[in-house]
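The structure under discussion appears below in the form of structure tokens.
The numbers here are math on the coordinates, done by the rules we state, and not lab data. It should be emphasised that the depicted structure is a prediction, and the values quoted were computed from it without experimental measurement. Note: ideal-geometry Cβ built from the backbone for every residue, glycine included; neighbour counts use all protein chains shown.
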Amino acid sequence: MATKPNKTQATTLSAQDYLAGVTPEPKRADASALCDLMSRLAGEPPRMWGLSIVGFGVNHYRYESGREGEICRIGFSPRREALVLYGMGVQDNPLLDGLGKYTIGKGCLYIKRLSDVNASTLEAIIARAWNRRAESTG
């Protein structure tokens, strides 16, 4: 039995064009700032994964079942209700205590507005996630 390809894959779409279309303007500004921060920490430009995830790097994974694939090492999506950050290692992350207002679910970190969180703590969480994923893919 052949395995299905992953639904979310890297595309050639422009992350800058995608972010330029984010509404309303305050969410667009937050998404642009988050993109700049992740790009600086990752040391590489953003890349679109699927139609709505702005990602950085590539993480190859393999489950015990044998299913494997690739997804961005870290990324985010400016959804209607919140900025959704992927790959942050939110389970048992001690840095979350100093972050501010956020929620988590299914391994994602949800932030309504960047002004709701401590900027230096968010930067530390993202840097930790990038480095942790580097170790697991290396």
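Going by how many other Cβ atoms sit within 10 Å of their own, how do 28, 62, 47 line up, fewest first?
Details: 28 15, 62 9, 47 19.
With the fewest neighbours first, 28, 62, 47 line up as 62, 28, 47.
Using helices alone, what [θ] at 222 nm do you get for the chain, with -39,500 (n - 2.57) per DSSP H run of 4 or more residues, divided over all residues and rounded to the nearest 500? Numbers along the way, then the final one.
Numbers: 3 runs with 43 residues, N = 138.
Result for the chain, helices only: -10000 deg cm²/dmol.
With +1 on the Cβ of every Lys and Arg and -1 on the Cβ of every Asp and Glu, and nothing else charged, how large is the dipole of the stretch 54-138 about its Cα centre, in debye rounded to the nearest 20? Show your work: numbers first, answer last.
Working: 12 positive and 9 negative charges, 53 e Å.
Roughly 260 debye, rounded to the nearest 20.
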At a Förster radius of 25 Å, what calculated FRET efficiency corresponds to the Cβ-Cβ distance of residue 124 and residue 65, to the nearest 0.05?
0.15
Label-zone membership for the stretch 75-89, site residue 115, 7 angstrom Cα→C-beta point, backbone N under 20 Å:
78-84
Scattering from the C-alpha atoms of the chain alone, worked out with Debye: what is log10 I(q)/I(0) at q = 0.10, 0.13, 0.19 1/Å?
-0.32, -0.54, -1.15
How much length is gained on full extension from residue 101 to residue 81, taking 0.36 nm per residue of separation minus their Cα-Cα distance?
5.8 nm
In order through the stretch 106-112: 3J(HN,Hα) via Karplus (6.51 cos²θ - 1.76 cosθ + 1.60), integer Hz, x for Gly, Pro:
6, x, 9, 9, 10, 10, 5
